[in-house]
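Here's the structure, in structure tokens; my notes come after.
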Amino acid sequence: MSVSPSADSQMHETVRAVIDDWAASAPDALFLINPANGEKTSYRVLQQRVQSVSAHIANWGYKPGDPVAYALSNSPEAAIVILGILYGGYLATAINLVAGNNTISYVLEHSETKLLIANEAGLAALETPLQERSGVSVQIVSPDLFQQLNSSSEEEADALTGGLLMYTSGTTGRPKGVVLSQASLLAGGRNTTLAHELTGEDCGLCVLPLYHINGLCVTVMGTLVSGGSLVIPAKFSVSTFWQKVITQGCTWFSVVPTQISYLLHDSAYVPEQSDLKDVRFGRSASAPLSPDVQSAFESKFGIPIIETMGLTETSAQILSNPLPPGVRKIGSPGVAYGNEVRIGDELQRDLPRGTEGEVLVRGPNVMSHYLKNEQATQDAVTAEGWLRTGDLGRMDEEGYVYITGRLKELIIKGGENIAPREVDEALYTHPDVVEAAAFARKCDRYGETVEAAVMVSEGSALTEVALIEICTAKLGKFKTPERVHFLPELPKGPSGKIQRIKLVEQFRR
């Protein structure tokens, strides 16, 4: 059974209202599919299970609005837990499992997390941070969590309660906690539904982590709002990707450019285009997609790739190219859907078409604020409600945006934001390091990768291997530099500030 989005499902402002609506109007329609064991979750069963999760949290002594963290690798059960947290009106606090011990410890402390729901992979990633922070109650995902339970709490969630707290790296190296209301999350899902014309007939494949805004808002919220179904494997696998698409009848998927490149270059299994005839589109976001890669992928598989752009602060998508037969402009993440986008000058005033400036966004999908950071919130959101993205771009006469650079210095590796200063500080922990600066370097595999340059004290025997080991221990392997270059002195500007851009130019391939 499949359904089309109802008027109510498109207007609700809480996850509870959307789930209750589908459970009443299309109870037997499928929502989640587990490709590992074939288990399927209908909207009626979804309602029962999120009610159970919500009731358990209440019985553990927590009230609507309280932060409830989740440390979960992908699975249908993970999606149900997250939706259950939101259903009860709690503040779902995402723990990035590859963020590294320092960042995870900071997130637990800064968010004032008292309750953490985790699965096996989540526990493994949090072993050290949990040892460093006392007072966090850990609950393990088990079948009991999804059993019907009457809540002992008399608290009821309302439209303004709870939401999502997701941390994103900043140029200072200290992550900022982005607070998104339930209404904003659903607006992000509606933007996806609108741009990609999703209906209850669609079945998506979710291979991006649910602790990222892309995986959560685009695939889960987009599917929930549209009344469709979603296949959630444990992880992205090049060798089994197409089998899942074909056997589960997926009509769309959302990936990042790195994954598109992996699929393009895999020769172990290349499906016939006729086997993919039901796939309407693939979606690319999180980093710019190479035009050459996009063209080659579409030629090889016969599937249009829709390039998009989104941010954590905007509940994911702000721009998207139209679906065929609409005009897709290679090299552009498209036009605005469901929110306003414009190019502004240094005072956020509208600039003429074709003029480079900062990309600004306004709409119901924009964040509420940065947690405990009023100054950063004021710096990011203008009095008129425009979010400053920090990205430079221009807009053509038809409203298509082209990203030309970044005001910020973030390194975007495989869609993951990495703050250079965070890497700097890890390098500086060795006493022989006098100067240190991390920078982005173009990479065919990840789009960008991390490298660094250091100046060490005279006579030091410090090696590249030793510095990489330090970074791995403090940051995790993903954020660790691929290379550490030793220089007699790092380039600086007139004020004495190290210039990362000069390092990028110096080591450009």
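The values are calculated or read from the model by the stated rules, or taken from the named source; none is laboratory data. Computed from a predicted model, the values in this text were never measured in an experiment. Virtual Cβ from ideal backbone geometry, glycine too; neighbours counted across all protein chains shown. Ligands, DNA and RNA are excluded from the accessible area calculation, which covers all protein heavy atoms including side chains. Shrake-Rupley method; radii C 1.70, N 1.55, O 1.52, S 1.80 Å.
Work out the FRET efficiency for N373 and R349 from their Cβ-Cβ distance, taking R0 = 30 Å, and round it to the nearest 0.05. Don't jump to the answer; show the numbers that get you there.
Working: r = 26 Å, r/R0 = 0.86.
For R0 = 30 Å, the calculated efficiency reads 0.70.
Please report, ordered by residue number, every helix of the chain (full DSSP H runs) that is 18 Å or longer along its axis going by C-alpha atoms and whose mean Kyte-Doolittle hydropathy reaches 0.0. Could you put the intermediate results ahead of the total?
On the way: long enough: 43-59 (24 Å, -0.27); 182-196 (21 Å, -0.06).
Length and hydropathy pass: none found.
Think of each Lys and Arg Cβ as +1 and each Asp and Glu Cβ as -1; about the Cα centre, that makes the dipole of region 339-486 roughly 360 debye.
As a test, work out the antiparallel percent of DSSP beta bridges whose residues both lie in the chain, rounded to the nearest 5.
Details: 47 of 81 bridges.
So the antiparallel bridges amount to about 60 percent of the total.
Accessible surface of E13, taken over heavy atoms with a 1.4 Å probe and every protein chain present, rounds to 100 Å².
Annotation: D379 carries an accessible surface of approximately 90 Å², with a 1.4 Å probe and no ligand, DNA or RNA atoms counted.
In a reduced charge model with +1 at each Lys and Arg Cβ and -1 at each Asp and Glu Cβ, the chain shows a dipole moment near 640 debye about its Cα centre.
Partner lysines whose Cα lies under 16 Å from the Cα of K277, excluding those fewer than 8 positions away in the same chain, are identified as K244, K300.
Counting only C-alpha contacts under 8 Å and six or more residues apart, can you give the relative contact order of the chain as a whole percent?
Working: 1149 pairs, mean separation 63.0, N = 509.
Result for the chain is 12 percent.
Distance from the Cα centroid of region 170-235 to that of region 400-425 is 21 Å (rounded to whole angstrom).
Using the scaling law 2.2 N^0.38 Å as the reference, what is the normalised Cα Rg of region 303-442?
Compared with the compact-globule rule of thumb, region 303-442 sits at 1.20.
When the alpha carbon coordinates of region 225-295 are projected onto the principal axes, the ranges are 33, 29, 24 Å, largest first.
Ligands, DNA and RNA aside, K114 has an accessible area near 90 Å² when probed at 1.4 Å. Projected onto their three principal axes, the Cα atoms of region 367-442 cover extents of 53, 34, 20 Å, largest first.
For region 412-476, what does the relative contact order come out to in percent, with C-alpha contacts under 8 Å and a separation of six or more?
Contact order relative to length: 34 percent.
In the structure shown, do any of K442/K474; K40/K63; K114/K372; K413/K477 have a Cα-Cα gap over 20 Å, and if so which?
Result: K442/K474; K40/K63 exceed 20 Å.
Think of region 239-313 as a dipole: +1 on every Lys or Arg Cβ, -1 on every Asp or Glu Cβ, centred on the Cα centre; then among Q294, Y269, T251, T251 lies furthest on the positive end.
When only the Cβ of Lys, Arg, Asp and Glu is charged (+1, +1, -1, -1), the dipole of region 216-348 relative to its Cα centre reaches about 300 debye. The share of accessible area on the chain that comes from carbon and sulfur is 49 percent, using a 1.4 angstrom probe. For the set F281, F478, the ranking by accessible area, highest first and with no ligand, DNA or RNA atoms included, is F478, F281 under a 1.4 Å probe.
Could you please put R190, R362 in sequence from largest to smallest accessible area, using a 1.4 Å probe?
On the way: R190 50, R362 75 Å².
Solvent-accessible surface, decreasing: R362, R190.
Centre-to-centre, using Cα atoms only, region 318-339 and region 435-492 are separated by 37 Å. The calculated 222 nm mean residue ellipticity attributable to helices in the chain amounts to -8500 deg cm²/dmol, summing -39500 (n - 2.57) over DSSP H runs of n ≥ 4 and dividing by all residues.
Distance from the C-alpha centroid of region 64-125 to that of region 347-385: 28 Å, rounded to the whole angstrom. Have a look at L323, Y167, S111 and report the one farthest towards the positive end of the charge dipole of the chain, computed about the Cα centre with Cβ charges (Lys/Arg +1, Asp/Glu -1). Final value for the positive-end residue is L323.
The Cα-based radius of gyration of region 390-509, divided by its Kirkwood radius, gives an Rg/Rh of 1.03. Calculated on C-alpha atoms, the gyration radius of region 338-406 divided by its Kirkwood radius gives an Rg/Rh of 0.98.
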